Each structure stands twice: as structure tokens, then as C-alpha cells.
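Taking it in order: structure first as C-alpha cells, then the write-up.
What follows is calculated from the coordinates using simple rules that are stated; it is not laboratory data. A quick note: this is a predicted structure, and the numbers were derived from the prediction, not measured. Cβ atoms come from the backbone with ideal geometry, glycine included; neighbour counts cover every protein chain shown.
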Amino acid sequence: MTPLKSLGRNKLLWPLVALGVLLLFNLLFTPHFFRMEIKQGHLYGNLIDILKNGAPIMLLAIGMTLVIATHGIDISVGSVVAISSGVVALLIGGDLKGVPKYPILVAMAAALVVCTLAGMWNGMLVSRIRMQPIIATLILFVAGRGIAMVFTKSMIIWLYAKPFALLGQGYVLGIPFSIYIVLFILLLTFIFTRRTAIGMFIEAVGINPTAARFSGIKSQNIIFWVYTFCGLCAGIAGLIVCSTVMSADGNNAGKLFELDAILAVVLGGTSLNGGKFYLFGSVIGALIIQTLTTTIYALGVPADVAPVVKAFVVWAVCLMQSPRFRARIVRVFARRELST
Amino acid sequence: MTDEMPVLTMNKITKTFPGVKALSSVDFRLFKGEVHAIMGQNGAGKSTLVKVLTGVHAQDSGEILLEGKPIRPESPLAAQKLGISTVYQEINLCPNLTVAENIFAGRQPMRRGRGRSFWRFFFGGILSLFVPRIDWKEMTKRSEEILKRLNIVIDVTQILSSYSIAIQQLVAIARVLDISSKILILDEPTSSLDESEVEQLFKVVRSLRDQGLAIIFITHFLDQTYQISDRITILKNGEFVGEFQAKALPKLDLIAKMLGKELSEFSYATERDQRKMTATSAGKDAKNLLTVKNLGLRGSIAPFDLELDEAEVLGLAGLLGSGRTEMARLIFGIDGANQGEIRVRGKKSAINSPRNAMMAGIGFCSEDRKNEGIFSDLTVRENIILALQAKNGVFKFISPRRQLEVADELIKSLAIVTASANSMAGQLSGGNQQKVMLARWLATNPAILILDEPTRGIDVGAKLEIMELILSLSRRGMGLIFISSEFEEVVRCSSRIAVLKDKVKIAELDGDDINETSIMRTIAGGN
């Protein structure tokens with residue numbers, strides 16, 4: 001196999017090409033898109049914004065990747081984001097002097113525990129009760145907002161505890177702190193799935209659940225833990241969301257995030273039919289979505305029209321990933337070569 | 001017949017897949033009113049040739065002439081529009097639709113107007129005259145008629161998956177029979193049918209042939225080939241061997257041409273005699289591997305006893321639906337038994353899941369390769385390593401290098417034909433996929449291996465290899481349970497045979513009773 005051919009088969013290639021095209025477009029048409037400044041020792045600029053604002057979706061996409069690989073889906077992650085920020089806001093409290101009610105770390109840990117439990121709930125419904133994933137997670141999708149509202153007492157809680165802002169607004173060595181979190185979770189997940197047999201088992205369960213059971217794989221457990229992990233990822237994303245705006249809004253925190261997360265996974269090359277999954281692809285997918293959003297705003301497209309532009313680009317990327325479409329393109333080029 | 005123009009001519013068809021030349025310059029002719037068999041081993045190119053004809057694959061070079069006009073179908077649908085219909089080896093219907101819906105999928109009888117429909121209500125009764133909708137009554141009626149022509153009387157409003165594989169196969173055939181066609185391709189249509197069903201099908205095939213339909217018939221059953229076909233084309237390793245009149249080609253010649261060597265019919269006999277001798281000499285101190293007592297599940301199989309010793313091959317013989325598979329599924333813990341017990345090496349084992357069975361040292365290759373065996377999107381290496389890795393547990397990760405070693409060794413020892421251990425399992429032929437499943441279990445080094453129809457849908461050569469493998473495994477001390485619809489194969493391999501009928505184990509045969517006649521007599525006697 002020639003290096004070029006093997007590159008063409010690499011699943012990461014197409015998401016990267018899409019991202020590259022987007023950035024190239026910006027280089028040509030969006031003034032100052034790539035401008036970087038150093039203010040107060042931090043990097044500022046559109047690129048940094050993309051990374052910073054994209055962090056929650058990247059985290060959700062990592063968890064979602066594994067769920068989708070088992071031929072499942074989790075549409076409750078947006079609601080879990082709201083729960084997470086609700087819990088952490090409740091425990092830190094809206095004290096104007098910035099004195100937290102409970103230690104910040106305790107509050108964060110509690111939020112993550114609650115979100116992990118939420119994931120376990122989903123996992124139990126799908127793996128033990130054998131509900132269809134979309135129905136099972138629809139329950140928490142609806143109920144989660146209600147639960148979040150209970151924590152925030154149907155209000156928007158504003159936080160003033162300064163140290164908590166580090167998560168979503170802080171910088172370490174000039175780079176947003178949330179990026180370190182994403183990288184850490186990404187690497188951890190990669191090692192956990194690819195340096196153990198978990199990744200292969202997840203793929204096996206997604207491709208052929210019956211054959212997986214017949215091969216002695218504990219499919220139920222795999223599915224259970226995958227949803228649990230997805231809940232945990234959503235919890236971390238919720239903390240970052242809450243920290244970025246220093247407030248918790250049960251109604252709007254993480255709203256429609258589940259769709260962006262699913263989109264990121266699909267853009268990254270993982271099929272909704274389950275099977276082979278690509279963690280790095282999903283993160284690149286999330287970056288594509290965020291770059292697109294930033295580009296649209298940088299170009300001054302009205303917010304009302306933005307979704308249309310977004311939809312168009314997503315459509316183009318999906319088309320590019322379709323093997324059938326690619327084959328057709330190749331055929332067109334081949335014909336042209338023949339005729340010349 | 002040879003004077004007329006063929007309805008179909010395929011000239012010098014060549015098709016290459018990554019790493020494999022599937023067809024190289026193959027010729028094929030088909031005349032009106034004939035049944036033409038395509039014969040060859042696995043990987044000979046039969047399926048690929050059919051797939052080129054039906055538009056699944058495009059040929060790299062060569063031409064297809066339908067009634068003298070060149071065609072190049074781009075999809076199965078396009079081929080169907082040209083009058084080329086196919087029934088594939090593995091049933092390609094929608095299991096969750098009704099029988100009638102399956103028969104008419106994509107061409108439902110429609111009707112306009114009349115009746116108390118929602119649309120009539122909605123549009124005040126005027127527009128509904130123009131809104132077409134599915135005519136369910138007509139669909140049910142016509143489905144029943146179509147199936148009646150195949151002598152099947154079933155409730156066509158039931159979900160397809162509620163019927164046996166055999167009925168599903170006949171529904172698949174009924175579907176394409178109803179679409180008017182010039183060419184009908186039957187790809188392994190009989191592999192899951194029992195004898196009377198095969199005869200039923202052949203009756204239909206003959207009458208269609210007499211009506212002038214051109215039929216391509218692909219099967220691995222030699223006898224069926226001679227029963228039904230007028231002409232035979234033989235392929236080997238993607239190459240055209242020759243086209244013969246069925247009557248003028250002795251069976252032995254056919255086999256020799258397919259294999260490219262002489263088939264020694266006697267190797268089995270001597271093999272078995274030898275084995276019997278060793279069995280009787282070692283018989284007394286052979287260690288018991290598996291004892292099943294009174295195991296049963298209501299609605300699945302009546303309670304049965306079973307014993308299996310080391311180095312023994314226990315055959316399960318019976319007609320389709322006699323309970324062979326059900327028996328295997330109970331022993332492997334797929335279906336939970338509601339009574340009885342299983343002892344492995346004398347130790348009572350609570351086997352209630354395949355995982356427990358695996359941990360107890362049992363392996364099981366399902367008869368349904370596609371749905372219960374192969375992970376088509378995983379590599380051959382991963383397919384082979386899965387059960388072993390599951391046995392080791394998630395965290396005792398088998399390193400990629402070790403995985404490759406294990407896989408390569410099994411690929412070599414089972415002679416699995418694949419471009420490499422890292423090819424996708426879905427790309428392999430049926431026989432090789434079967435071997436991959438076998439390899440998966442052999443990697444776990446089981447004491448007991450249950451093989452459900454391991455020879456189904458694979459060619460003569462691969463059948464031979466699998467049977468030889470069964471014998472050599474038993475020689476190494478493994479206990480095997482071998483299920484096959486072919487009594488001949490059960491007789492050839494087994495040192496003892498359990499006979500099943502109507503979900504009941506009715507007898508056990510050993511010694512000189514191991515022959516096809518006794519099996520059939522036992523089933524017919526049915527005591």
C-alpha cells in the first residue's frame with residue numbers, strides 16, 4: 001500500500017481536511033481571524049476562543065463516542081450538564097463575598113457523583129431493562145431539566161467564589177485551563193480503551209451484540225459502564241459551563257448540547273450504527289463545529305441565520321464522508337483522465 | 001438448444017478485490033428454459049460472478065450481454081428492472097415486517113378513494129379520491145395466492161421472524177418469483193431447507209423452467225445439482241474451468257474438476273475404522289467431560305440426558321426443527337434451562353450464560369454465522385482473539401503482537417484464506433468465516449466444542465477440511481458435539497449419534513448402528 005493510499009483510508013483524514021478547509025476559508029476571507037495577542041500573560045484570539053468554548057462539546061463528544069460505538073445514543077447529556085451546574089452552584093452558593101458554602105472541591109466532586117449516577121441510571125435502563133437507548137435517555141433528557149431546576153430552585157444562581165472560575169476562565173501557561181481537562185480526559189479514555197481490551201469489546205458489542213454475547217463478552221456490563229462514563233463526561237462539561245459564566249441556569253445550561261455532541265461524533269467518522277470508533281475524530285468534529293460557530297460570528301452573519309449556514313457546512317462535511325459520494329467523485333475524475 | 005441465442009452472455013469478466021483476484025476472465029452463458037448450475041469451491045468466484053451480474057459489484061473488465069444487448073447494471077434494483085432477480089444465500093428480508101409486506105416491499109398494491117380513511121375525513125372526502133394508499137386486503141390476498149403456488153399456507157399478516165428460517169427462505173423465493181423476470185438466480189436456496197421443502201422448491205423451479213425462465217442455480221449439494229440442472233459451469237479460484245451438459249458429466253469428474261484433484265472417497269472409512277479401534281481400546285478409561293441430566297426448557301426442547309467423553313465426537317442427527325440447535329443452546333447457556341443439571345468433568349456447573357459456559361471450558365460455533373458469529377467490521381485478528389480476551393478479562397490485555405501471533409498461527413493451521421490477519425472478516429468467503437469462528441474458540445483451548453452446522457453453505461473442499469479438523473481435534477482429546485443436516489457427514493465424523501425428532505431426543509446410536517439407514521429408520525420409527 002502506498003503511503004498516500006493508507007492516508008486516504010485513515011479515518012481521521014476527512015475530519016482534518018474539513019477543519020483545514022474551514023481554517024483556510026478564514027485565512028482568506030475573515031480579517032484578523034488568526035491574530036493572536038498576549039494580554040496579561042494569556043493568549044487571546046479566535047483560535048484560543050475556539051478551543052476554550054469548544055471544551056464542553058469536546059468532553060461530551062468523548063463520552064458520546066463510546067456510547068455510539070455500542071450502537072447506542074445518549075440524548076440526555078445536555079440535561080446532565082444542567083444538573084451538574086445546578087449541584088455545584090447549590091453547594092458553592094451565591095454568597096456575594098465569594099465565600100463558598102462547602103469547599104469548592106467537595107462541591108465539584110458531589111456534582112460529578114450525581115452526574116455519574118445519572119449515567120448509571122441511563123446505563124441500567126439500556127443494559128438491564130433493555131430499553132431502546134433513545135427512549136431510555138429521553139427520560140433523563142426531560143426529567144434532567146426538572147431535577148436541575150430543583151437544585152437551582154428555579155432561579156439562576158450567580159456564583160462569586162473566585163477560585164471556581166479557574167475551570168472555565170482560567171489560564172495555565174497562557175493556555176485555557178479547560179483545554180488541559182479535555183486533553184487529560186481524552187488521553188485517559190484513549191489509554192483506557194486502546195491499551196486494554198475495552199475498546200475492542202465496545203466495538204464488538206456495537207457490531208454484533210449476539211455474537212459478542214456468544215463469545216463470552218459481558219455485553220451488559222460494557223453498555224452499563226459506557227453510559228456511566230458518558231454521564232461523568234457530561235458532569236465535567238457541566239462544571240466548565242457553570243464556571244465559564246459563573247452561574248447556573250437549569251433551563252438553558254447545556255441546551256441542545258446533545259445534538260452538537262452527536263454531530264461531533266458523526267463528523268469524526270464514528271458511524272451511528274455502532275462499531276469502530278474514533279476518539280480523536282470526535283474531538284476534531286467538536287472543533288469543526290466550534291470553528292464554524294466562531295467563523296459565522298466573526299463574519300457578522302446575523303444570529304438568526306447562523307444555523308442555516310451551519311447546517312449547510314455540516315451537510316457538506318457529511319457528504320464528503322460518505323464512501324459512496326467519494327467513489328462517485330473519484331469516478332468523475334477518472335473519466336476526465338481517460339478522456340484527456 | 002445450443003443453436004439458439006443465449007439469453008445471457010458474460011464475456012471475459014474480471015474482478016479484483018484488494019489482495020484477491022476474485023474473477024479472472026470468466027465466461028458464462030445462459031439459455032432460455034434451462035437450469036444452469038455454477039459449481040466451485042469457496043472462493044471460486046461463484047458469488048462474485050452473481051454479484052457482478054446483479055449490479056452489486058462492477059466488473060473491472062469484460063462485458064455482459066442480455067438478449068444480445070450490452071448491459072451494465074449499477075445496482076441490484078437496476079438489475080431487477082432488467083429482469084434479473086436474485087434470492088441470496090443469506091436471507092435478505094426484513095424480519096420485523098409481515099410476510100405480506102416482505103413479499104410486496106417496494107411495490108405495494110395501491111388504491112385510491114373510497115372507504116373511511118383518515119384522509120377522507122381530513123380532506124372532506126374529495127381529495128381522498130386522489131390520495132393513493134396501500135391496499136392491505138389486496139396485499140394479503142395476493143401474498144396468500146403467491147405462497148399457495150409454493151404450497152405454503154401460513155398467516156401472511158404475521159411478522160416474518162416468527163417463522164422458521166426455512167419458511168423465510170421460501171418467502172424470499174416467493175418474493176422474486178412474483179416479480180416478473182427473465183433470469184432467476186438462486187444462490188444457495190436449499191442450504192436451510194429440509195428434504196421435502198427442497199423437493200417443493202424444485203417442483204416450482206422445474207415448472208418455471210418449463211415456462212421458459214432462465215435459472216441460475218448455485219448450491220454445494222452435488223445431488224441437488226444433478227437433480228435439477230441441465231448444464232453446469234465450473235469455476236476454480238476465480239477461473240473458468242468449463243461448461244458441461246449435466247448428463248454428460250459424471251459426478252466424480254465434477255468433483256475432480258472443482259477441486260483440481262481426485263477426491264478419495266475412502267479416506268473417511270479407514271479413518272473411522274481406525275478411530276473405532278482406538279475408541280474401543282481406550283473406551284473404558286476415557287474421561288467423562290460432560291454429563292447432562294434431565295436438562296430441558298419448556299417450549300424449546302424436552303428434557304434430555306447426554307454424555308460426552310474425552311476424544312469423542314457426538315453427532316446430533318435429526319431433521320430441520322428437530323431440536324438440535326435448541327439442545328446446543330441449552331448446553332451453552334444461551335437459553336436458560338428450567339430444569340435439569342450440567343456437570344463438566346463431574347463438577348456441577350450452573351451454566352446460565354455463554355460466558356459461564358466458556359469459563360467452564362465449552363465453546364460453541366453458531367449455525368447463524370452472519371448474525372451470531374462473525375463481526376464483519378472487525379479484523380480477522382480481532383475476531384479470533386475476542387473469546388480468549390473475554391476469557392482473560394478486560395484488563396489482562398493481550399498485546400497486539402501476541403494477538404497477531406495467535407491469529408497467524410490459527411490462520412496457518414486452519415488454512416484460512418485471507419489477505420492478512422488485519423483484513424476485515426466481512427471480506428472472507430463463508431467457509432473461511434466459519435474457520436475464523438472455529439479459530440476463535442480454539443484460541444481459548446476448550447475441553448468441549450459444540451459445532452452447529454459448521455459445514456452449512458460452504459463448498460465441498462472446505463467441508464472436507466472442517467470434518468478432518470473435527471477428527472484431528474478429537475484425536476487430541478477434545479470432546480466435540482457435531483450438528484449437521486447431512487446425515488452422511490454426521491455418520492462420517494461421529495463415534496456416537498444422538499437422534500432427535502420433534503424437539504425430543506429419541507435415541508442414541510453407536511458402533512455398527514452408525515449409518516444413514518439406521519438414523520432414518522430411527523426417525524421414521526420414532527419410538
Notebook entry, point to check: Using alpha carbon centroids, what distance separates region B:390-451 and region B:482-503, in Å?
Noted result: 27 Å
Checklist line | Amide hydrogen neighbours beyond the local backbone of B:MET478, cut-off 5 Å, H modeled | finding: B:ALA311
Notebook entry, point to check: Can you run phi through the Karplus equation (6.51, -1.76, 1.60; θ = phi - 60°) for region B:227-234 and list ³J(HN,Hα) in whole Hz, with x for Gly and Pro?
Noted result: 4, 10, 9, 9, 9, 10, 10, 10
Check: Can you put A:VAL205, A:VAL317, B:VAL417 in order, fewest other beta carbons within 10 Å first?
Finding: B:VAL417, A:VAL317, A:VAL205
Notebook entry, point to check: Taking other Cβ within 10 Å of each residue's Cβ, how do A:TRP315, A:TRP225 sort, fewest first?
Noted result: A:TRP315, A:TRP225
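With the radius of gyration and the Kirkwood radius both derived from the Cα set of region A:301-340, what is their ratio Rg to Rh? Walk me through the numbers before you get to the answer.
Numbers: Rg = 15.5 Å, Rh = 12.1 Å.
Looking at region A:301-340, the ratio lands at 1.28.
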Notebook entry, point to check: Which of A:CYS233, A:CYS318, A:CYS242 moves most in a GNM of chain A, Cα contacts under 10 Å?
Noted result: A:CYS318
Next item on the list: Report, ordered by chain and residue number, the aspartates and glutamates lying within cross-link reach of B:LYS81, taken as a straight Cα distance under 17 Å and ignoring same-chain residues fewer than 8 apart.
Entry: B:GLU67, B:ASP178
Check: Hey, what number do you get for the protein assembly as shown at 222 nm if only DSSP H runs of n ≥ 4 count, each worth -39500 (n - 2.57), divided across all residues, to the nearest 500?
Finding: -15500 deg cm²/dmol
Next item on the list: Quick one: what are the phi-derived ³J(HN,Hα) couplings along region A:171-188, Karplus 6.51/-1.76/1.60 with θ = phi - 60°, whole Hz, x for glycine and proline?
Entry: 10, 10, 6, x, 10, x, 4, 4, 5, 4, 4, 4, 4, 4, 5, 4, 5, 4
Check: Placing +1 at every Lys and Arg Cβ and -1 at every Asp and Glu Cβ, with all other atoms neutral, what dipole size does region A:32-299 have around its Cα centre, in debye to the nearest 20?
Finding: 360 debye
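When only C-alpha pairs under 8 Å and at least 6 residues apart count, what is the relative contact order of chain B, in percent?
Working: 988 pairs, mean separation 78.2, N = 527.
Answer for chain B is 15 percent.
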Checklist line | Binned Cα-Cα distance frequencies in the protein assembly as shown - 20 Å width, integer % | finding: 13, 37, 34, 14, 2, 0
Next item on the list: Using the Cα centre as the reference, give the magnitude of the dipole from point charges on the C-beta atoms of the protein assembly as shown (Lys, Arg: +1; Asp, Glu: -1; all else neutral), rounded to the nearest 20 debye.
Entry: 2380 debye
Notebook entry, point to check: Considering chain A as a Gaussian network with a 10 Å cut-off on Cα pairs, which listed residue, A:ASP260, A:ASP74, A:ASP95, attains the greatest mean-square fluctuation?
Noted result: A:ASP95
Check: How much net charge surrounds A:CYS318 when only other residues with a Cβ under 15 Å from its Cβ are counted (Lys, Arg +1; Asp, Glu -1)?
Finding: +4
Notebook entry, point to check: For region B:181-223, what is the convex hull volume of the alpha-carbon atoms per residue, in Å³?
Noted result: 71 Å³
Next item on the list: Output the pairs from B:LYS203/B:LYS236; B:LYS182/B:LYS247; B:LYS21/B:LYS412; A:LYS101/A:LYS153 with a Cα-Cα distance over 18 Å in this structure; if there are none, say none.
Entry: B:LYS203/B:LYS236; B:LYS182/B:LYS247; B:LYS21/B:LYS412
Next item on the list: Have a look at A:ILE92, B:PHE397, A:THR228 and report the one farthest towards the positive end of the charge dipole of the protein assembly as shown, computed about the Cα centre with Cβ charges (Lys/Arg +1, Asp/Glu -1).
Entry: A:ILE92
Item checked: Cβ-based charge dipole, the protein assembly as shown, positive-most Cα from A:MET200, B:GLN158, A:THR291 -> A:THR291
Item checked: In degrees, nearest ten, helix B:195-210 long axis to first principal axis of chain B (Cα) -> 30 degrees
Check: Which percent, to the nearest 5, of DSSP beta bridges fully inside chain B are antiparallel?
Finding: 55 percent
Item checked: Mean separation of Cα contacts under 8 Å, 6 or more apart, over the residue count of region A:32-299: relative contact order % -> 37 percent
Check: Convex hull over the Cα atoms of region B:374-445, averaged projected area in nm²?
Finding: 4.2 nm²
Checklist line | Under-5 Å amide H pairs with A:THR70, H placed in peptide plane, nonlocal only | finding: A:GLY275
Next item on the list: Convert each backbone phi in region B:236-247 into a coupling constant with the Karplus relation 6.51 cos²θ - 1.76 cosθ + 1.60 (shift: θ = phi - 60°), then list the ³J(HN,Hα) values in order as whole Hz, x for Gly and Pro.
Entry: 8, 6, x, 10, 7, 8, x, 10, 9, 6, 4, 5
Item checked: Sorted by Cβ density within 10 Å, fewest first, the residues B:SER484, B:SER353, A:SER154 -> A:SER154, B:SER353, B:SER484
Check: Using alpha carbons only, how many degrees (0 to 90, rounded to 10) separate the axis of helix B:267-282 from the longest principal axis of chain B?
Finding: 30 degrees
Checklist line | Residue (of A:PRO31, A:GLY281, B:VAL417) at the positive-pole extreme of the protein assembly as shown, dipole from beta-carbon charges | finding: A:PRO31
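Give the value in nm², to one decimal: projected area of the alpha carbon convex hull of region A:238-340, averaged over all directions.
The Cα convex hull of region A:238-340, projected and averaged over all directions, gives 9.9 nm².
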Notebook entry, point to check: D for region B:297-375, whole µm²/s, Stokes-Einstein with Kirkwood Rh over alpha-carbon pairs at 4 °C and 1.567 mPa s: what number?
Noted result: 95 µm²/s
Notebook entry, point to check: Can you list the residues, at least 5 places off or on another chain, whose amide H is less than 5 Å from the amide H of A:GLY268, using H built in the peptide plane?
Noted result: A:GLY285
Next item on the list: Take every DSSP beta bridge with both residues inside the protein assembly as shown and express the antiparallel ones as a percent of the total, to the nearest 5.
Entry: 60 percent
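If you place +1 on the Cβ of every Lys and Arg and -1 on the Cβ of every Asp and Glu, how big does the dipole about the Cα centre of chain B come out, in debye to the nearest 20?
Its charge dipole is roughly 1620 debye.
When the Kirkwood radius is taken over all Cα pairs of chain A, what Stokes-Einstein diffusion coefficient follows at 20 °C and 1.002 mPa s, in µm²/s? Don't skip to the end; give the middle numbers.
Numbers: Rh = 21.0 Å.
The calculation lands on 102 µm²/s.
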Notebook entry, point to check: Given springs between every Cα pair under 10 Å in a Gaussian network model of chain A, which of A:ALA237, A:ALA55, A:ALA204 has the largest fluctuation?
Noted result: A:ALA204
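For chain B, what is Rg from Cα atoms divided by 2.2 N^0.38 Å, rounded to two decimals?
Numbers: Rg = 25.1 Å, N = 527, 2.2 N^0.38 = 23.8 Å.
Against the empirical 2.2 N^0.38 Å value, I get 1.05 for chain B.
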